[in-house]
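Undergrad: Would you mind keeping the following structure in view while I ask a few things?
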Amino acid sequence: PSFGLHYKLPKLRQLYQAGEAAFVSNIGALVQPLTKYEYKSGTKSTCVGLFSHSDQTAAAQTLKCQVAGASPKGVGGRMADVLGAGSQKFSTSSFSLKGKKTWSEGFSVIQQSVDGSGDIRTLENYVARRPLIDNITKEELGNIYSEEYSKNLGKMVDSANILAGQLGNVTLSSTWPETEDWTFLSLLRQFQAVSKLIATSQTRQIEREFFYVELGGFDTHNEFEKLDELFAFIDDSLDAFVKELKAQGVFDSVVLVTTSDFGRTLTSNGKGTDHGWAGNQFVVGGKVKGGEIYNEFPTSLLEGNLYDVGRGRMIPRYPWESVMLPIAEWMGVDAMDR
């Protein structure tokens with residue numbers, strides 16, 4: 001079969017043709033393989049809160065869609081956990097460039113939040129005020145939550161101050177586009193901040209690292225046309241990021257993967273599309289076996305097909321693990337921890 005790509009993604013198409021990007025099709029949140037009959041009859045377990053933004057965002061970020069909320073921690077944070085504790089004892093870290101996010105949080109690795117602009121919030125007048133924190137945190141508080149907060153407060157303040165100094169000394173290796181569009185600028189700055197963090201990884205003595213960036217606006221119930229603009233933002237930001245990685249000489253050491261809470265309905269509601277289930281994602285990197293579409297693409301997208309549970313809400317044939325497991329293997333996660 002022949003496949004097409006949205007016309008606002010020409011640079012992603014070039015990466016695909018160069019063997020530096022691949023697509024992963026028919027993917028989404030699953031507890032176990034599922035048919036339409038099994039879904040409608042309730043004979044197999046399904047994810048908590050299907051078609052709900054909050055529940056399926058958590059599902060994509062934890063890979064534990066049968067558990068509500070963030071208690072399983074995030075896939076990025078958990079990979080950082082096992083890489084640090086595994087046979088090779090890698091030095092790891094995990095960042096979110098969009099506030100506190102489940103994806104970046106581990107059980108032992110605590111995510112670090114960097115503002116989307118790349119700025120690090122530090123303690124004002126650090127030298128004078130840092131001893132005050134030591135005095136405050138020496139006091140025994142008699143509450144395990146307060147004690148834990150107290151124990152980590154000084155570490156967080158010190159870490160932020162050191163990181164701000166390191167990032168402040170970074171000059172990026174390529175020329176980035178300029179824009180006054182706030183949405184485009186937000187994504188672009190997140191990629192710039194990730195680029196600066198990558199550039200300081202050796203200074204920070206980090207061997208395996210995870211970064212979370214985010215672009216919203218895809219809930220197209222009433223305005224399907226805005227996809228043109230959003231795809232253009234992704235294409236241009238991705239192009240700038242890849243050029244920077246290549247200029248730094250680290251493109252072979254980085255992999256980027258997209259995720260989403262769910263796909264969209266394949267039929268219109270009259271104005272746009274509603275919450276779906278299965279979707280398609282892409283992977284980019286110097287070591288990616290690109291120029292391929294992985295997983296079996298649906299044999300039919302017609303309404304009422306064998307995997308359509310209504311209005312073109314397609315049951316995914318493959319879980320999120322089908323793309324995250326190869327990435328875990330590539331990063332060095334031990335077989336027993338996958």
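Undergrad: Test residue 24 against the criterion of being at pLDDT 95 or above and either in contact with a Ser or Thr (Cβ under 8 Å, 6 or more places away or on another chain) or closer than 19 Å to residue 210 by Cβ (or both), and give yes or no. Steps first, please.
TA: Details: at pLDDT 95 or above: yes; either in contact with a Ser or Thr (Cβ under 8 Å, 6 or more places away or on another chain) or closer than 19 Å to residue 210 by Cβ (or both): yes.
When the stated conditions are applied, residue 24 passes them.
Undergrad: Which residue is farthest from residue 109 (Cα to Cα), if the candidates are limited to segment 39-70 and must be outside any loop (DSSP other than H, G, I, E, B) and among the charged types (D, E, K, R)?
TA: To start, the set of residues in segment 39-70 that are outside any loop (DSSP other than H, G, I, E, B) comprises 39-41, 53-62.
Still in the list and also among the charged types (D, E, K, R): 40, 55.
Details: 40: 40, 55: 23 Å.
Going through the qualifying residues, I end up with 40.
Undergrad: Specify which of the listed residues (296, 292, 303) is at pLDDT below 95 and not aliphatic (A, V, I, L, M).
TA: Working: 296 fails: at pLDDT below 95; 292 fails: at pLDDT below 95.
Just a single option satisfies the conditions, and that option is 303.
Undergrad: Then there is this: Within segment 246-261, how many residues are under 14 Å from residue 194 (Cβ atoms), in contact with a strand residue (DSSP E or B) (Cβ under 9 Å, 6 or more places away or on another chain) and not in a loop (DSSP other than H, G, I, E, B)?
TA: Summing the residues that are under 14 Å from residue 194 (Cβ atoms), in contact with a strand residue (DSSP E or B) (Cβ under 9 Å, 6 or more places away or on another chain) and not in a loop (DSSP other than H, G, I, E, B) in segment 246-261 gives 5.
Undergrad: Condition first: outside any strand (DSSP E or B), open to solvent by less than 60 Å² (accessible area, probe 1.4 Å) and either on the phi > 0 side of the Ramachandran plot or not β-branched (Val, Ile, Thr) (or both). Now tell me which residues in segment 318-336 satisfy that.
TA: First, pick out the residues of segment 318-336 that are outside any strand (DSSP E or B): 320-336.
Narrowing further to those that are open to solvent by less than 60 Å² (accessible area, probe 1.4 Å): 320, 322-324, 327-328, 331-334.
Hits for segment 318-336 are 320, 322, 324, 328, 331, 332, 334.
Undergrad: Sticking with this structure for a sec: Out of curiosity, is residue 213 crowded, with 18+ Cβ neighbours inside 10 Å, out of contact with any strand residue (DSSP E or B) (no Cβ under 8 Å at 6 or more places or on another chain), within 22 Å of residue 63 (Cα to Cα) and modelled with pLDDT of 95 or more? Can you show your working first?
TA: Details: crowded, with 18+ Cβ neighbours inside 10 Å: yes; out of contact with any strand residue (DSSP E or B) (no Cβ under 8 Å at 6 or more places or on another chain): yes; within 22 Å of residue 63 (Cα to Cα): yes; modelled with pLDDT of 95 or more: yes.
It is true that residue 213 is crowded, with 18+ Cβ neighbours inside 10 Å, out of contact with any strand residue (DSSP E or B) (no Cβ under 8 Å at 6 or more places or on another chain), within 22 Å of residue 63 (Cα to Cα) and modelled with pLDDT of 95 or more.
Undergrad: Answer yes or no as to whether residue 73 is in a loop (DSSP other than H, G, I, E, B) and buried (at least 19 other Cβ atoms within 10 Å of the Cβ). Please lay out each step first, then the result.
TA: Values: in a loop (DSSP other than H, G, I, E, B): yes; buried (at least 19 other Cβ atoms within 10 Å of the Cβ): yes.
Against the criterion (in a loop (DSSP other than H, G, I, E, B) and buried (at least 19 other Cβ atoms within 10 Å of the Cβ)), residue 73 qualifies.
Undergrad: Just name the residue that is farthest from residue 54 (Cα to Cα) out of those in segment 246-282 that are open to solvent by 40 Å² or more (accessible area, probe 1.4 Å) and among the polar types (S, T, N, Q).
TA: Selected residue: 248.
Undergrad: I would also like to ask the following. Condition first: part of a helix (DSSP H, G or I), in contact with a strand residue (DSSP E or B) (Cβ under 6 Å, 6 or more places away or on another chain) and not acidic (Asp, Glu). Can you find one or more residues in segment 98-114 that meet it?
TA: Applying the first criterion (part of a helix (DSSP H, G or I)) to segment 98-114 yields 102-104.
Imposing the further condition that a residue be in contact with a strand residue (DSSP E or B) (Cβ under 6 Å, 6 or more places away or on another chain) reduces the set to 103-104.
From what's left, not acidic (Asp, Glu): 103-104.
Yes, segment 98-114 contains at least one residue that is part of a helix (DSSP H, G or I), in contact with a strand residue (DSSP E or B) (Cβ under 6 Å, 6 or more places away or on another chain) and not acidic (Asp, Glu).
Undergrad: Answer with yes or no whether residue 297 is open to solvent by less than 50 Å² (accessible area, probe 1.4 Å) and over 15 Å from the mean Cα position of the chain (by Cα). Before the answer, list the steps.
TA: Numbers: open to solvent by less than 50 Å² (accessible area, probe 1.4 Å): no; over 15 Å from the mean Cα position of the chain (by Cα): yes.
When the stated conditions are applied, residue 297 does not pass them.
Undergrad: Checking residue 201 against (1) of a type in the set (S, T, N, Q); (2) crowded, with 16+ Cβ neighbours inside 10 Å; (3) part of a helix (DSSP H, G or I), only one condition comes out false. Which one?
TA: Residue 201 satisfies every listed condition except (3).
Undergrad: May I pose another question? Looking only at segment 70-117, which residues are within 17 Å of the chain's Cα centre (by Cα) and either among the β-branched types (Val, Ile, Thr) or on the phi > 0 side of the Ramachandran plot (or both)?
TA: If we filter segment 70-117 for residues that are within 17 Å of the chain's Cα centre (by Cα), which is where we start, we get 70, 72-81, 92-106, 109-116.
Matches in segment 70-117: 73, 75, 92, 99, 102, 109, 110, 114.
The values are calculated or read from the model by the stated rules, or taken from the named source; none is laboratory data. Quantities reported herein were computed from a predicted structural model and do not represent experimental measurements. In this analysis, Cβ positions are derived from the backbone assuming ideal geometry, glycine residues included, and neighbour counts consider all displayed protein chains. The protein model used for the area step is the full one, side chains on, heavy atoms only, and it has no ligands, DNA or RNA in it. Shrake-Rupley method; radii C 1.70, N 1.55, O 1.52, S 1.80 Å.
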